[in-house]
Amino acid sequence: VYKRQCLGFAANLLAASVLHLEASLDRPSEDPRARLPNYRDVEWAPTHFREFVELQTVHHSYVGWRRLPYRGATITIDENGVRRTWADPAASPTRTIAFFGGSTMWGSGASDEHTIPSEFAKTHPEYRAINFAETAHTAHQNLNALVQVLAGGLRPDVVVFYNGSSEINKCRVGLGAFSTPCLLYTSYAA
């Protein structure tokens, strides 16, 4: 198991090196994920994956990392590291729902308008939906983020946690329930 994990880490490191070399040569190629069958006829897919690679993170106490502000065609991150959630301009929400999780909840591979929180907002105009998720975050990071949200004064009516594969990464030797093992998925800003 350990050898497979090391091999997986080495493959990720090599892939990241190639992406950085490609970017430094100013000749980026299309991300192969944009050609997956689920993106057939999705015009924004190449732009989305280019933007995803451009995202940067910064250390965020007790949570590990948050994204830096970003404004692209498919991904928008505010000054607090929170991804934009679709909102009906004609609606007057009376309740707030806060979403926490890893990449699936954050919306890796989805435009701002098609994340889980955005899809929820489209069918529940009575809620102001906020996407506090972050790629590779684990349940305890999400709990810490919720504590920070509450300390900041926001009192959501509903809180949703949706975690999964990032928890599996904590099964490695030397990691425990409160470890944050997924730092290889982040690119820290200088």
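The values are calculated or read from the model by the stated rules, or taken from the named source; none is laboratory data. None of these values were measured; they are calculated from a predicted model. Positions of Cβ are generated from backbone atoms using ideal geometry, with glycine treated the same way; all protein chains shown enter the neighbour counts. All accessible areas refer to the heavy atoms of the entire protein, side chains included, with ligands and DNA or RNA removed. Shrake-Rupley method; radii C 1.70, N 1.55, O 1.52, S 1.80 Å.
Residues that are surrounded by 17 or more Cβ atoms within 10 Å (Cβ to Cβ) and in contact with a Lys or Arg (Cβ under 6 Å, 6 or more places away or on another chain) were ranked within the stretch 71-85; the one that is nearest to T123 (Cα to Cα) is I77. Of everything listed in (1) in a helix (DSSP H, G or I); (2) among the aliphatic types (A, V, I, L, M); (3) touching a residue at least 40 places away in the same chain (Cβ under 8 Å), the single unmet condition for A121 is (3).
Condition check ((1) over 19 Å from I116 (Cα atoms); (2) part of a loop (DSSP other than H, G, I, E, B)) across all residues:
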| position | (1), (2) |
| --- | --- |
| V42 | no, yes |
| F52 | no, no |
| V58 | yes, no |
| Y62 | yes, yes |
| E79 | yes, yes |
| T85 | no, yes |
| A90 | yes, yes |
| P93 | no, yes |
| T96 | no, no |
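Identify, from the list L68, L36, the residue that is open to solvent by 40 Å² or more (accessible area, probe 1.4 Å), within 12 Å of the chain's Cα centre (by Cα) and not β-branched (V, I, T). Going through L68, L36 in turn, just one is open to solvent by 40 Å² or more (accessible area, probe 1.4 Å), within 12 Å of the chain's Cα centre (by Cα) and not β-branched (V, I, T): L68. Looking at (1) open to solvent by less than 20 Å² (accessible area, probe 1.4 Å); (2) in contact (Cβ under 8 Å) with a residue 40 or more places away in the chain; (3) in a loop (DSSP other than H, G, I, E, B), which one does F100 not meet, given that it meets all the others? Of (1) open to solvent by less than 20 Å² (accessible area, probe 1.4 Å); (2) in contact (Cβ under 8 Å) with a residue 40 or more places away in the chain; (3) in a loop (DSSP other than H, G, I, E, B), only one is false for F100: (3).
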